[in-house]
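Novice: Please see the structure below; I have some questions.
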Amino acid sequence: MDTMRSPPPGILIIRRLTGKEWSLNTYRYVVLLLTFIAYACYHASRKPTSIVKSVLDPEPSKVGHSNPWPFGEVFVKEEGLTGKGSGWVPFNGEDGTVKLGEIDVAFLACYSLGMYVAGHLGDTLDLRLFLTIGMIGSGIFVGLFGMGYFWGIHVFWFYLVMQMIAGLFQATGWPSVVAVVGNWFGKRKRGLIMGIWNAHTSVGNICGSLLAASVLQYGWGWSFILPGALIFLGGIMVYLFLAAYPEDVGFPSNYGLDSHNKVETGCKDEEAQMPKGHVVEAETSGLSRSGSMIRGNAIGLVEALFIPGVIPFAMCLFFSKLVAYTFLYWLPFYLSQTEIGGQYVSVKSAGNLSTLFDVGGIVGGVLAGYMSDRLNARAITAASFMYAAIPSMLLYRLYGSTSESINIALMMISGLFVNGPYALITTAVSADLGTHSSLRGDARALATVTAIIDGTGSVGAAFGPLLTGFISKKGWDAVFLMLIIGALVAGLLLSRLVIAELQEKTGKYKAHSDVPRQQGIEGSTSQPLLRDQR
């Protein structure tokens, strides 16, 4: 199998213009930046439906106007009927919220089902081309949904089909970007690196909300067309500049695998002793020796399921994403329909205000990644955040309506604890399991494992918004009860892994404390401990 690939065309052009070759660290920075932008575009293109819900199915007595946050007032007094509160057929009837929920679940169902196929394809096909096709396809069908406004389409099935096809294209994103990052980075500090990198989810949500809300006054169709154009352009950028594999640009393919650290160190030592002109040649030679071993055939879904930890984390993510995506799709609607400090927010302001939930999510993702690295305990960290999300959501529901400042503070705290474990599992945990020692060095499980975990989570993401469409008719207390139960179950599903991590840490602590005593009796007893540590 020939493992050599040609560099992306944009990088070839840069090489010819500058006459210089980038270092390994430069490529890593570029990969992080491009994958960050790519997935931010994915999430930005998912936000318009949550922003336009109150326009498609408004309650006229709670419609107001304001300038975009943060330049104008966020909270706006009730202004009554505005003359634009008739909504959009077929979403403005008595079953409007149910149909909006069905639109969400259609997207997420196709997204989750497509994820399993996309993961295997991502391990089989060129990740750069696969990601490019997914982004361009997503942009086209997100834009077509918005064109329904300009074409005057009032048939429900049109919007349903557009969302379903968009969901299939969107499924290409997550397995691809995680696999690319996993190809370039080893496990050391992976939680912190991916925690910071995973801010693309919240950044995308924020940008999508602000972009969609900023053009809402010109017609809700623009709220889809602009994010669709954004991800379309992002796909072109990925095609031109993303080096999905180290071997694409002349580096050995084992840089992202901890099991081959000795090989990597050897390469670096050789490189230090060589003239610069021979570095790329040596790296290419190293690739030809090791590439076929590293990039074997992609494993199947069933084989990936038997990797230790995949099923518990996948089921935990099912409930974690149920909670997170309910906020993603319904928080702007909830804010526009809830009295806060004696006032209602306008539709535009509700969309802008909801971005603060994602600001908290950025902090949560970084904090969860850092803590899991320091503790070397992914399950303990994820479960702790899920349990902490329960009181934070309860407090937000009980006291969020008290005043503007309290609502903002509690919303950001809820975002921190809700998005923290979601970010950790979909990034560092997926990458860890995708390069698990049981794979014997087969890096091509990265996208498959990521797809299993995030695909299962996306099934939960589909159920959350769908159930909210029905349960919200009984009141928002019932919705928050559902979210609290979901967070509790998510934490409990990791109990076995949490116990195993605690036992491992307790055993290591006892082993370390016994070393001096054992060494005093038998000088060789510490050798097995050192072997275990390696």
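The values are calculated or read from the model by the stated rules, or taken from the named source; none is laboratory data. Bear in mind the structure is a predicted one, so any value in this text is a computation, not a measurement. Counting neighbours? That spans all protein chains shown, and the Cβs are built from the backbone with ideal geometry, glycine included. Remember, those area values only see protein heavy atoms, side chains included, never the ligands or the DNA or RNA. Shrake-Rupley method; radii C 1.70, N 1.55, O 1.52, S 1.80 Å.
Novice: What are the extents of the Cα atoms of region 94-147 along their three principal axes, listed from largest to smallest and rounded to whole Å?
Specialist: Taking max minus min along each principal axis of the Cα atoms, region 94-147 gives 47, 25, 7 Å.
Novice: Another question, then. Any chance you could run the full-extension gain for Thr124 through Ser86? It's 0.36 nm times the residue separation minus the Cα-Cα distance, nm to one decimal.
Specialist: Values: separation 38, 0.36 × 38 = 13.68 nm, distance 4.92 nm.
Full extension from Thr124 to Ser86 adds 8.8 nm.
Novice: Put a dot 7 Å past each Cα toward the Cβ at Ile499 and Ala478; how far apart are the dots in nm?
Specialist: Taking the simple label geometry, Ala478 and Ile499 are separated by 3.6 nm.
Novice: Projected onto the charge dipole of region 333-409 (+1 at Lys/Arg Cβ, -1 at Asp/Glu Cβ, origin at the Cα centre), which of Gly365, Pro391, Leu375 gives the Cα projection farthest towards the positive end?
Specialist: Checking the options against the dipole of region 333-409, the answer is Leu375.
Novice: Can you figure out the FRET efficiency of Leu394 with Arg16, using R₀ = 56 Å and their beta-carbon distance, to the nearest 0.05? List each step's numbers first, then the result.
Specialist: Numbers: r = 59 Å, r/R0 = 1.06.
With a Förster radius of 56 Å, E is 0.40.
Novice: With labels modelled as points extended 7 Å from the Cα through the Cβ direction, what inter-label distance (nm, one decimal) is found for Ser403 paired with Ser23?
Specialist: 5.1 nm
Novice: Here's something else I'd like to know. Report the FRET efficiency, 1/(1 + (r/R0)^6), for Ile485 and Phe156, where r is their Cβ-Cβ distance and R0 is 35 Å, rounded to 0.05. Each step should come with its number before you reach the end.
Specialist: On the way: r = 31 Å, r/R0 = 0.88.
Here the calculated transfer efficiency is 0.70.
Novice: Do any of Lys53/Lys474; Lys53/Lys99; Lys47/Lys321; Lys321/Lys474; Lys53/Lys348; Lys47/Lys348 go past 20 Å between their Cα atoms, and which?
Specialist: On the way: Lys53/Lys474 18 Å; Lys53/Lys99 10 Å; Lys47/Lys321 15 Å; Lys321/Lys474 23 Å; Lys53/Lys348 11 Å; Lys47/Lys348 13 Å.
The pairs that break the limit, which is 20 Å between Cα atoms, are Lys321/Lys474.
Novice: Continuing with the same structure: Work from the charge dipole of region 91-189 (Cβ charges, +1 for Lys and Arg, -1 for Asp and Glu, about the Cα centre) and give the residue of Ile103, Val181, Gly137 farthest towards its positive end.
Specialist: The listed residue farthest towards the positive side: Val181.
Novice: Let me ask you something else. Keeping the other protein chains in place, figure out the carbon and sulfur percent of the accessible area of region 80-184, with a 1.4 Å probe. Don't skip to the end; give the middle numbers.
Specialist: Details: 2710 of 3690 Å².
Here it works out to 73 percent.
Novice: Tell me the carbon and sulfur percent of the accessible area for region 315-455, rounded to whole percent, probe radius 1.4 Å. Mind showing how you got there, number by number?
Specialist: Details: 2490 of 3800 Å².
On region 315-455, the fraction of accessible area on carbon and sulfur atoms equals 65 percent.
Novice: Moving on. For region 321-393, what is the relative contact order in percent, using Cα pairs closer than 8 Å and at least 6 residues apart in sequence?
Specialist: 18 percent
Novice: If R₀ is 30 angstrom, what is the calculated FRET efficiency for the pair Thr506 and Ile311, using the beta carbon separation as r and rounding to 0.05? Show your work: numbers first, answer last.
Specialist: Working: r = 25 Å, r/R0 = 0.82.
FRET efficiency, Thr506 to Ile311: 0.75.
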